[in-house]
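Take a look at the structure below.
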Amino acid sequence: MRKKIIFVFFIFVLCKPVLVSAQVCCGGGVYDVAVLSLNKRALFNFGYKFDNFMGVWDYEKDWRENNNTVYQMIPSLSSAYRFNKQIQAGVLIPFYINKLESPGLPSNGAGIGDIVINGRYEFFHEYGLYKEKGKLKRDESTPYLAATLGFTFPSGTSDESAESEVDITGKGYFTSNLGISVIKTVFKDKLQLGADLSWQHSFEKTYEKYYGEELSQPYTRQQGDRFNYALTVNYLLNYWHSASFSFGGFLMNNYKLDNSEQENTNENAVNFVISYTYYPSEVIRISPLFKWNIFSSGMGKNAPGSYLLGLNIVYYIENLEPDNFR
Amino acid sequence: MKYLTLILFSGLLFFSCKGEDTVAPVEPVSEYTKVLTVDSANFKFELYSTGGSRLLVGYNELGIKVFENNVEKTDGFVRYIPSMFHTGEQEHKTPYKEFFYYDQQKKMFTGYACYIMISDPTSFWISDYSYNDVFTLKRKFFDVYPNPGSQMRFWLDQNTNYLYLMILINPADPKTGLNNFKCILHRSFENSRYSEVDSASMFIRPWMPSHGHGSSSNVNPSWIRNGIYEGKANFTMAGTWYVYDSISVNNQFITPNPPVYFVFDVR
């Protein structure tokens, strides 16, 4: 059951959305991490998200509602593979379908988004076995701890070459992500607490075109460094069902134009996620989720606010020799 | 038989009533509101504006009615020449249309004036009114009030020493999505009269400074009449937007680098 608990929690982490800091109708850069428990060798995930942008917080933290309909649908494929007890890696390939209802403007666009690869090094697993005076014992106190690493490739279409906003499916620049993930079971087989913290660094991008038009004066832009956080409570209803609640958000520094930091352009927002997970079998998991921002002044700055409906369907290949990882 | 007659009569009544519902021609309601009247002896000028009953800072679309012995003039032209005086200083000019010609549809002499300052206790607006250069009413006081939707940008072109003035006409209340972008461009040499610039090329670039992105699908303003240029600006989300406008005249850029810009609070 211990494996199951870890499994459940990782499943939640797998489907946890992270706010993308981008203009409405931008895609890419979502660090959905496909994570495997010790008794799983690999996974294949089909994900779907409907992200409906309700408005934006301005630089004075005032909430401004959208007058028009703006949303994204993001089907995605992801996969992960466990190499050994400590190391696993995954890849996420999103596809963006953008919708903007605004008179006189193109309303539909779609394309492959920014591809994310990620990995993690697991320092500790909960309930690990150890020998003491010749006896095999279970470690009841050590939490799960892993270092996470991610990298986003600008494979999507950015505002540099897109014809209009609905064609944007990526940020157009490389992004790296470094973080830690901690999990501690509070009540065995019932309740877990988790924390995910990460630092995101975006690399500079030079614009020689903008929306396909040549610029007379190219310029560089660099997104500010970003700190992501999420605190999660995971409750196991029974062997087949679990529910999770997460509070998360991000803080991002000012962006730079031509190496000059632009004042008062820092961003932040908070979000809540509710997720339910159902396990029809040992190797299949179905997990719907709902994420929302609080659409009122003071709950964000320079960031879009949305609500998101998501669904993840995961197929696992079991690790037939998990004891080799002990 | 009585019932048949009644039915036939009712039917006739029904169809005849339906016929009466057709849209009757409606007198067009004037978009102009009277602002002030100046008169002297037998002459009277009535000043109208599309912006309401007050003259506002920025671009004002104006109409003038002229009367001589209470008989309205319906041909010829009117000169309306506003100037500003500051206590203890020289007067200065402001952009205005040189000749107001009679518009048969609007039933008045039409033109515009751009007031570059509000009236205050030390600053006074006066104007001269003239019909066909035959009779003139001089130095009539009027007031100019603040206009939150108005924006104007002055800059000096170092190459020619012309002082340029660009005044925003639209949008005064910008919304997310495509907005009509309309402005009027004048220039003046050594604080003399402003003249319309009709041969400029404009290149606009909307930019959201707090997010660091622009927008697609913008239409560069093109000349439509009397120094007025019209295009489209796309504001993709609510918030503060800049619209930079690079302007060239005879293939020489007259705007500084970075270019002049208007600021919009998009809702």
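The values are calculated or read from the model by the stated rules, or taken from the named source; none is laboratory data. If you're wondering where the values come from, they're calculated on a predicted model, not measured in any experiment. Positions of Cβ are backbone-derived with ideal geometry, glycine not excepted, and every protein chain shown enters the neighbour counts.
Quick test for you: out of A:297, A:306, pick the one residue that is in a strand (DSSP E or B), within 14 Å of chain B (Cβ to nearest Cβ), closer than 21 Å to residue A:247 by Cβ and in contact (Cβ under 8 Å) with a residue 40 or more places away in the chain. Spell out the reasoning first.
On the way: A:297 fails: in a strand (DSSP E or B).
Of A:297, A:306, the one residue that is in a strand (DSSP E or B), within 14 Å of chain B (Cβ to nearest Cβ), closer than 21 Å to residue A:247 by Cβ and in contact (Cβ under 8 Å) with a residue 40 or more places away in the chain is A:306.
With respect to the numbered conditions (1) within 14 Å of chain B (Cβ to nearest Cβ); (2) touching an Asp or Glu at 6+ places or on another chain (Cβ under 9 Å), which one is the sole condition not fulfilled by residue A:283?
Failing condition for residue A:283: (1).
Condition test on residue B:231, is it farther than 21 Å from residue B:95 by Cα and within 9 Å of another protein chain (Cβ to nearest Cβ)?
no
Going by the structure shown, is residue B:175 surrounded by fewer than 21 Cβ atoms within 10 Å (Cβ to Cβ), within 14 Å of chain A (Cβ to nearest Cβ) and farther than 18 Å from residue B:196 by Cβ? Can you show your working first?
Working: surrounded by fewer than 21 Cβ atoms within 10 Å (Cβ to Cβ): yes; within 14 Å of chain A (Cβ to nearest Cβ): yes; farther than 18 Å from residue B:196 by Cβ: yes.
For residue B:175, the condition - surrounded by fewer than 21 Cβ atoms within 10 Å (Cβ to Cβ), within 14 Å of chain A (Cβ to nearest Cβ) and farther than 18 Å from residue B:196 by Cβ - is met.
Kindly list the number of the only condition in (1) more than 30 Å from residue B:215 (Cβ to Cβ); (2) surrounded by fewer than 20 Cβ atoms within 10 Å (Cβ to Cβ) that fails for residue A:78.
(2)
Taking the stated definitions as given, is residue B:73 closer than 30 Å to residue B:245 by Cβ, basic (Lys, Arg), surrounded by 15 or more Cβ atoms within 10 Å (Cβ to Cβ) and out of contact with any Gly (no Cβ under 9 Å at 6 or more places or on another chain)?
Judged against the criteria, residue B:73 is not a match.
If you take the residues of region B:225-267 that are of a type in the set (D, E, K, R) and part of a strand (DSSP E or B), which of them is farthest from residue B:197 (Cα to Cα)?
First pass over region B:225-267, keeping only residues of a type in the set (D, E, K, R): B:225, B:230, B:232, B:245, B:265, B:267.
Right, trim to part of a strand (DSSP E or B) and you get B:225, B:230, B:232, B:245, B:265.
Values: B:225: 10, B:230: 14, B:232: 20, B:245: 15, B:265: 28 Å.
Checked region B:225-267; the qualifying residue farthest from residue B:197 (Cα to Cα) is B:265.
Being within 15 Å of the chain's Cα centre (by Cα), outside any strand (DSSP E or B) and in contact (Cβ under 8 Å) with a residue 12 or more places away in the chain narrows it down to one residue among B:63, B:52; which is it?
Details: B:63 fails: outside any strand (DSSP E or B).
The conditions single out B:52.
Looking only at region A:143-164, decide whether some residue is within 30 Å of residue A:183 (Cα to Cα) and either part of a loop (DSSP other than H, G, I, E, B) or within 14 Å of chain B (Cβ to nearest Cβ) (or both).
Among the residues of region A:143-164, at least one is within 30 Å of residue A:183 (Cα to Cα) and either part of a loop (DSSP other than H, G, I, E, B) or within 14 Å of chain B (Cβ to nearest Cβ) (or both), which makes the answer yes.
Give the number of residues within region A:61-83 that are more than 14 Å from residue A:307 (Cα to Cα) and in contact (Cβ under 8 Å) with a residue 24 or more places away in the chain.
Number of matching residues: 12.
Specify which of the listed residues (A:68, A:84) is out of contact with any Lys or Arg (no Cβ under 7 Å at 6 or more places or on another chain) and either at pLDDT 95 or above or not in a strand (DSSP E or B) (or both).
The match here is A:84.
Report yes if some residue within region A:198-207 is buried (at least 20 other Cβ atoms within 10 Å of the Cβ), under 16 Å from residue A:253 (Cβ atoms), of a type in the set (Ser, Thr, Tyr) and touching a strand residue (DSSP E or B) at 6+ places or on another chain (Cβ under 8 Å); otherwise report no.
Scanning region A:198-207 turns up at least one residue that is buried (at least 20 other Cβ atoms within 10 Å of the Cβ), under 16 Å from residue A:253 (Cβ atoms), of a type in the set (Ser, Thr, Tyr) and touching a strand residue (DSSP E or B) at 6+ places or on another chain (Cβ under 8 Å).
Report, by residue number, each residue of region A:208-225 that is in a loop (DSSP other than H, G, I, E, B) and more than 9 Å from every other protein chain (Cβ to nearest Cβ).
Across region A:208-225, the qualifying residues are A:224, A:225.
Considering region A:165-192 alone, what residues qualify as being among the aliphatic types (A, V, I, L, M) and either assigned to a strand (DSSP E or B) or touching a Leu at 6+ places or on another chain (Cβ under 9 Å) (or both)?
Answer for region A:165-192, where residues must be among the aliphatic types (A, V, I, L, M) and either assigned to a strand (DSSP E or B) or touching a Leu at 6+ places or on another chain (Cβ under 9 Å) (or both): A:166, A:178, A:180, A:182, A:183, A:186, A:191.
With respect to residue A:116, is the statement that it is out of contact with any Cys (no Cβ under 9 Å at 6 or more places or on another chain), farther than 26 Å from residue A:149 by Cα and modelled with pLDDT of 90 or more true?
Considered against the rule, which asks whether it is out of contact with any Cys (no Cβ under 9 Å at 6 or more places or on another chain), farther than 26 Å from residue A:149 by Cα and modelled with pLDDT of 90 or more, residue A:116 comes out as no.
Over 26 Å from residue A:77 (Cα atoms), away from chain B (no Cβ under 14 Å) and not acidic (Asp, Glu): does that describe residue A:205?
no
Would you pick out the residues in region A:88-104 that are farther than 16 Å from residue A:151 by Cα, modelled with pLDDT of 95 or more and either outside any strand (DSSP E or B) or more than 14 Å from chain B (Cβ to nearest Cβ) (or both)?
Of everything in region A:88-104, those that are farther than 16 Å from residue A:151 by Cα, modelled with pLDDT of 95 or more and either outside any strand (DSSP E or B) or more than 14 Å from chain B (Cβ to nearest Cβ) (or both) turn out to be A:95, A:96, A:97.
Among B:210, B:222, which is the only one that is polar (S, T, N, Q) and not in a strand (DSSP E or B)?
Matching residue, one of B:210, B:222: B:210.
Surrounded by fewer than 19 Cβ atoms within 10 Å (Cβ to Cβ), touching a Gly at 6+ places or on another chain (Cβ under 8 Å), among the hydrophobic types (A, V, I, L, M, F, W, C) and within 14 Å of another protein chain (Cβ to nearest Cβ): is that true of residue B:219 in this structure?
Yes, satisfied.
Please enumerate the residues belonging to region B:94-138 that are more than 14 Å from the chain's Cα centre (by Cα) and among the aliphatic types (A, V, I, L, M).
If the condition is that a residue be more than 14 Å from the chain's Cα centre (by Cα) and among the aliphatic types (A, V, I, L, M), then B:108, B:117, B:118, B:126, B:134, B:137 are the ones that fit.
Only residues that are in contact with a Lys or Arg (Cβ under 6 Å, 6 or more places away or on another chain) and at the interface with chain A (Cβ under 9 Å from one of its Cβ atoms): list them for region B:178-211, please.
The answer is B:178, and nothing else.
Would you say residue A:53 is in a strand (DSSP E or B), of a type in the set (Phe, Trp, Tyr) and either within 28 Å of residue A:262 (Cα to Cα) or in contact with a Cys (Cβ under 9 Å, 6 or more places away or on another chain) (or both)?
When the stated conditions are applied, residue A:53 passes them.
Criterion first (of a type outside the set (D, E, K, R) and in contact (Cβ under 8 Å) with a residue 60 or more places away in the chain) does residue B:226 satisfy it?
Details: of a type outside the set (D, E, K, R): yes; in contact (Cβ under 8 Å) with a residue 60 or more places away in the chain: yes.
The answer is yes for residue B:226.
Is it true that some residue in region B:194-205 is buried (at least 22 other Cβ atoms within 10 Å of the Cβ) and among the charged types (D, E, K, R)?
No, region B:194-205 contains no residue that is buried (at least 22 other Cβ atoms within 10 Å of the Cβ) and among the charged types (D, E, K, R).
With B:101, B:112, B:164 as the choices, which residue is loosely packed, with under 14 Cβ neighbours inside 10 Å, in a strand (DSSP E or B) and not acidic (Asp, Glu)?
B:101
Considering only region A:271-294, I want to know if a residue exists there that is modelled with pLDDT of 95 or more and under 30 Å from residue B:218 (Cα atoms).
no
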